[in-house]
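The values are calculated or read from the model by the stated rules, or taken from the named source; none is laboratory data. What you see is a predicted model; the values in this text were computed from it and never measured. Cβ placement follows ideal geometry from the backbone for every residue including glycine, while neighbour counts extend to all protein chains displayed.
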Amino acid sequence: MGFDRIGLQGLHEIIPFNTARAVHTNLLVVWLLTGFMGAAYYIIPEEAQCELISVRWAYIQLISLALVGVIAIVGFHFNHWEGRKFLEIPRELDYLVVVNVLLFLGLILGTLFKGRRKTTTALVLTMGLVFAALLYIPGMIWFDSQVMDSFFRWWVVHLWVEGVWELIMGGILSYLLIKLTGVDREVIEKWLYVIIGLTFLSGVLGTGHHYYYIGVNKIWLVVGGIFSALEPLAFLAMALFAVNMYRKGEKSHPNKLALFWTIGSAIVSFIGAGLLGFAHTLPQTNLYTHGTLVTAMHGHYAFWGAYAMIVLAIISYALPNLTGRKRYNNTIGNMAFWISNIGILGMTVAFGVAGVAQVYMERKLKMDFMDVQNEIAIHFVVLLICATMFTIGIGMYMYEFIKYGTPTDEALINDNQ
Amino acid sequence: MLSKSQARAFFLGGTVVTFLIFIVLTIYSFMPSNDQTNFKDIDKDVVRGKEIWESNNCMGCHSIMGEGGYYAPELTKVVDRRGEGYIKAVLMSPIPWAPKGRKMVAYKMSQEDADAMVAYFKWIGKINLNGFDRIVSPLAKDRITDQQKIK
């Protein structure tokens, strides 16, 4: 997509921009959901002190979800999709997603109810997953009106990303902080309630910032403006919470990589989702930035910080425990963290500069759309360089994951010694 | 200091109250007296236009009412800016349209489908977007102002 934007369109006939974009965003969503589900399969049995009720069905669920994802992506290349931003998976596959998610929830809820212990962390994580499933339904309804379509599409997209996914993030964060810092569970879970309380208090009515200029009542300018301005508070609380718990921690867990990803996630989500979101959330600003690359700036750093980093954090924590390989603090792992983070920060800055320039030229100076796009193309060269850096960082993470991702008896040998 | 049960009450209470307000505001927004979209003007051509819009994922490149891919031009009030003839020529073109270097997929639409797309864009163009339509399509605004001056 970056190459497309600088005029190198050699693949246009095979992969036009809208196909590449649909693959990009849907892969993100499916990967994150898979990460959340994997985290739940790891966390819930431990929290509930009970084995997962059926590992075989969990494998079936994972494989079928992956298959639906692959079929959807292949379909995009043959012009088969729903064509609604972030919800491009065609409706017939939506029903399969529903069956799949019901199976997943059945396994998680079954384990939770069978378990000996029902912790706040497990309940919040499960509540997030149940709400995420319920909120998928409004996105499956057909509307003749584009306005109603957009309105209820945001019930899925916004209430996922700035609502229930934060519950999931909070649940995973809480679990990791309990494990990594050794701070008392009661203290961490109390603050977890406060944070998710702030999330819903601001995030639900904050949906209104998507309704300013799509053809619905002006009341959303007031409601959306006030409540979305409060949304950074939840992310600020999350960042302060994570850093404070780390400082308070009496236990020095050896898994430094998991700690980096965990604390990093809390801080970067505050900058990406909280601060960069606030930068264009007020109606007076959004009037000019709505529908420009300023949104892409916020979106990329927010998704990275809040969701991608927390998934990478739980993988970094769980993998050494699952494999018995104590790869807690190594050069490649550290480089993966820093290179990917510097890369995405550079991408965010490139999007931001391009977006602000676009706003001024297109919305203020009233220049033609394509003239502006040609003027800002240079920022996408910078973006491509930073994206290459980001890819190298992620490549290093994947190298570690694949090379050391299989179980070993190293732990057993060390224990015997 | 806040106890865990008070924190839970804050979470549950805040969530329930904000959800209820959200539902009430949603109902209020779609009351016929608050309609800003000329809902009654949605005919079968507009619906067909929306179907074509979605089935080709036009939103993956273009944006409409500010929502989309930010890769190709915003299409709110496009009929005012470009005229029906230009839009139909782009949609029916057998070769990729490439204004100022950026290629669009050649959809080779039939006359009927191109008409439906124009009907859809016309309906969108009449929606009251709380002022955004004047920012996003300055060419249309200027043109309308110029026409008014001539009159």
- Task: Please work out if residue A:241 is under 20 Å from residue A:304 (Cβ atoms) and within 14 Å of chain B (Cβ to nearest Cβ).
- Result: yes
- Being more than 8 Å from chain B (Cβ to nearest Cβ) and under 20 Å from the mean Cα position of the chain (by Cα) is the filter; apply it to the stretch A:199-229 and report the residue that is farthest from residue B:131 (Cα to Cα). A:199
- Where residues in the stretch B:98-121 are more than 10 Å from chain A (Cβ to nearest Cβ) and loosely packed, with under 15 Cβ neighbours inside 10 Å, which of them is nearest to residue A:79 (Cα to Cα)? B:108
- Query: Filter the stretch A:360-380 for residues that are surrounded by fewer than 18 Cβ atoms within 10 Å (Cβ to Cβ) and within 17 Å of residue A:2 (Cβ to Cβ); which is nearest to the other protein chains (Cβ to nearest Cβ)?
  - Reply: A:374
- Picked from the stretch A:57-76 (must be among the β-branched types (Val, Ile, Thr), without any contact (Cβ under 8 Å) to a residue 40 or more places away in the chain and touching a Leu at 6+ places or on another chain (Cβ under 9 Å)), the residue surrounded by the most Cβ atoms within 10 Å (Cβ to Cβ) is A:68
- Pick from the stretch A:77-94 the residues that are more than 8 Å from every other protein chain (Cβ to nearest Cβ) and in contact (Cβ under 8 Å) with a residue 40 or more places away in the chain: which of them is farthest from the chain's Cα centre (by Cα)? A:77
- Task: Can you give me the number of residues within the stretch A:130-184 that are part of a helix (DSSP H, G or I), under 28 Å from residue A:262 (Cα atoms) and among the small types (Gly, Ala, Ser)?
- Result: 6
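Going through A:207, A:199 one at a time, which residue ends up being within 30 Å of residue A:318 (Cα to Cα), of a type in the set (S, T, N, Q) and crowded, with 24+ Cβ neighbours inside 10 Å? Write out each step before concluding.
Values: A:207 fails: within 30 Å of residue A:318 (Cα to Cα).
Every option except A:199 fails the conditions.
Only residues that are at the interface with chain A (Cβ under 7 Å from one of its Cβ atoms) and either free of Cβ contacts under 8 Å to residues at least 24 places away in the same chain or farther than 18 Å from residue A:351 by Cα (or both): list them for the stretch B:65-76, please. Quick ask: steps written out before the conclusion?
From the stretch B:65-76, those at the interface with chain A (Cβ under 7 Å from one of its Cβ atoms) are B:65-71, B:73-74; that's our starting set.
Within the stretch B:65-76, B:65, B:67, B:68, B:69, B:70, B:73, B:74 qualify.
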- Checking B:27, B:21, B:52 in turn, the sole residue that is surrounded by fewer than 18 Cβ atoms within 10 Å (Cβ to Cβ), assigned to a helix (DSSP H, G or I) and in contact with a helix residue (DSSP H, G or I) (Cβ under 7 Å, 6 or more places away or on another chain) turns out to be B:21
- Item | Hits in the stretch B:55-79 (condition: part of a helix (DSSP H, G or I) and over 17 Å from residue A:291 (Cβ atoms)) | B:55, B:79
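Could you tell me which of the residues B:41, B:80, B:35 is more than 7 Å from chain A (Cβ to nearest Cβ), crowded, with 17+ Cβ neighbours inside 10 Å, in contact with a helix residue (DSSP H, G or I) (Cβ under 8 Å, 6 or more places away or on another chain) and at pLDDT below 95?
On the way: B:41 fails: crowded, with 17+ Cβ neighbours inside 10 Å; B:35 fails: in contact with a helix residue (DSSP H, G or I) (Cβ under 8 Å, 6 or more places away or on another chain).
Result of the check over B:41, B:80, B:35: B:80.
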- Leading residue by the ranking (surrounded by the most Cβ atoms within 10 Å (Cβ to Cβ)) among those in the stretch B:1-12 that are of a type in the set (Gly, Ala, Ser) and more than 8 Å from every other protein chain (Cβ to nearest Cβ): B:9
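Report those helices (runs of 4 or more DSSP H) wholly inside the stretch A:286-373 carrying at least 3 residues which are small (Gly, Ala, Ser) and closer than 26 Å to residue A:38 by Cα. Outline the logic, then answer.
Numbers: elements: A:293-302, A:309-323, A:331-358.
Answer list for the stretch A:286-373: A:309-323, A:331-358.
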- Message: Only one of A:318, A:357 is surrounded by 16 or more Cβ atoms within 10 Å (Cβ to Cβ), within 25 Å of the chain's Cα centre (by Cα) and small (Gly, Ala, Ser). Can you tell me which?
- Response: A:318
- Which ones in the stretch A:246-281 are in contact with a helix residue (DSSP H, G or I) (Cβ under 6 Å, 6 or more places away or on another chain), more than 17 Å from residue A:307 (Cα to Cα) and of a type in the set (Ser, Thr, Tyr)? A:246, A:281
